[in-house]
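Read-outs throughout are calculated quantities, based only on the coordinates presented, and are distinct from any laboratory measurement. Not measured: the values here are computed from a predicted model. Ideal geometry is used to build each Cβ from the backbone, glycine not excepted, and the neighbour counts take in all protein chains shown.
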Amino acid sequence: MSQTPDTKPIAILGGTGDQGLGLALRFAKAGRPVVIGSRKAERAVTAAEEVQGQVPDANVEGFDNEEATKRAKIVILSVPFEHTASTVKGLKDVLQPGQIVVSMGVPLATAIGDGPMRTVGVWQGSCSELVASLVPDGVDVVSAFQNVPAHRLQHLADPVECDVIVSGAKAPREAVMALCPLIPGMRAVNGGPLYNARYVEEWTALLIGLNIRYKLPEGLCFRLTMDDGKLPEPGA
């Protein structure tokens, strides 16, 4: 019997970092199976144990990146920009048609020793489009979660209160948008085609600069509203 969509594991590569670990905690608390990936399996196991410590009934395991990728349909890539290309290239033999890779990466200038309030140019247009150029045929790439602060994700007692702009082809985009309501206070926004990721990624550097200037360790988020304070449903 095939699994229903809400019981399939979510893989988070780079789940040992602050933002990836935060997503792992939130999805585990929502009852979704989570597999954490890292270049070194022992680091992923340690991160999985940390999630288990905060969410005692969590279904979470840690593996190296390749094994974690094999176990999930949706693979969230939460690694620094400078490691993005090498990570994706290392997965070419295990990624299969029908899988969805979610790019959270932002080409921050820290990759070249500069500050996080600026970005560097990417020939493809964005980190997400770079990932799309590297995955095997039949693997979809979706852009999401760049602008969600790690502090908000990891503080499980409070809702996140962020909008997540999700960009990519229609079917995989909708699959990723469906993950957002699993996290209290998180709302998915239909960001259209993948090329729109280049704008969302740039906003991350803007938010980092605002957090620094206003001394906001919890991090700012985006909320999109209409006159009545509510965002209409996609397509409305």
Farthest toward the dipole's positive end in region 12-134, which of Ala24, Gln54, Val75, given Cβ charges of +1 (Lys, Arg) and -1 (Asp, Glu) about the Cα centre? Val75
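If you wrap a convex hull around the alpha carbons of region 36-87, what volume per residue comes out, as a whole number of Å³?
Values: hull volume 4.3 nm³, N = 52.
Looking at region 36-87, the number lands at 83 Å³ per residue.
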Picking from Val148, Val102, Val55, which is most flexible by a Gaussian network model of the chain using Cα springs under 10 Å? Val55
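Check each of the chymotrypsin sites (Phe, Trp or Tyr not before Pro) in region 137-214 and keep only those in coil by DSSP with at most 10 other C-beta atoms within 10 angstrom; list them in order.
Values: sites: Phe145, Tyr195, Tyr199, Trp203, Tyr214; in loops: Phe145, Tyr214.
Hits after loop and neighbour filter: Tyr214.
Could you list, in their original order, any pairs among Lys73/Lys170; Lys8/Lys230; Lys40/Lys89; Lys40/Lys92; Lys92/Lys170; Lys40/Lys70 whose Cα atoms are separated by more than 25 Å? The partial results should precede the final answer.
Numbers: Lys73/Lys170 16 Å; Lys8/Lys230 31 Å; Lys40/Lys89 16 Å; Lys40/Lys92 18 Å; Lys92/Lys170 23 Å; Lys40/Lys70 16 Å.
Flagged as over cut-off: Lys8/Lys230.
Using every Cα-Cα pair within region 124-222, state what percent have a distance larger than 24 Å.
Details: 1225 of 4851 pairs.
Of all Cα-Cα distances in region 124-222, 25 percent exceed 24 Å.
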Write out the trypsin sites (Lys or Arg not before Pro) in region 1-80 meeting two conditions: DSSP loop, and at most 13 other Cβ atoms within 10 Å of their Cβ. Lys40
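Please report, in debye to the nearest 20, how large the charge dipole of region 5-213 is about its Cα centre when each Lys and Arg carries +1 at its beta carbon and each Asp and Glu carries -1 there. Let's see the in-between values first.
Working: 19 positive and 22 negative charges, 45 e Å.
With Lys and Arg at +1 and Asp and Glu at -1, about 220 debye.
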Mind checking which of Ala175, Ala44, Ala157 has the largest fluctuation in a GNM of the chain, springs on alpha carbons under 10 Å? Ala157
One finds, for Thr7 and Gln154 with R0 = 25 angstrom and r their Cβ-Cβ distance, a FRET efficiency to the nearest 0.05 of 0.55
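Return the FRET efficiency for the residue pair Lys92, Met226: r is the Cβ-Cβ distance, R0 is 45 Å, and the value is rounded to the nearest 0.05. Before the final figure, lay out the partial values.
On the way: r = 43 Å, r/R0 = 0.96.
So the FRET efficiency works out to roughly 0.55.
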How many nm separate the modelled label positions at Leu216 and Val120, each set 7 Å beyond the Cα in the direction of the Cβ? 2.8 nm
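To the nearest 20 debye, what is the magnitude of the charge dipole of region 122-230 about its Cα centre, counting +1 on the Cβ of each Lys and Arg and -1 on the Cβ of each Asp and Glu?
It works out to roughly 200 debye.
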So Asn59 and Glu174, fully extended at 0.36 nm per residue minus their Cα-Cα distance, gain in nm 39.0 nm
So which residue, out of Ala169, Ala11, Ala72, gets the largest mean-square fluctuation from a GNM of the chain using Cα contacts under 10 Å as springs? Ala169
Which of His151, Phe63, Val106, positive extreme of dipole for region 5-213 (C-beta unit charges): Val106
Considering amide H positions built from the backbone, and no H for Pro or chain starts, which residues 5 or more places from Val142, or on another chain, come under 5 Å of its amide H? Val101, Val102, Ser103
Filtering trypsin sites (Lys or Arg not before Pro) in region 130-219 by DSSP loop and by at most 13 other Cβ atoms within 10 Å leaves Lys215
By the 4.7 Å beta carbon criterion, which cysteine residues of the chain come out unpaired? Cys127, Cys180
Rg/Rg_ref, the chain, where Rg_ref = 2.2 N^0.38 Å and atoms are Cα: 0.95
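Give me the tail of P(r) for region 1-90 as a percent: Cα-Cα pairs with distance above 18 Å. List each step's numbers first, then the result.
Numbers: 1400 of 4005 pairs.
Within region 1-90, distances greater than 18 Å cover 35 percent of Cα pairs.
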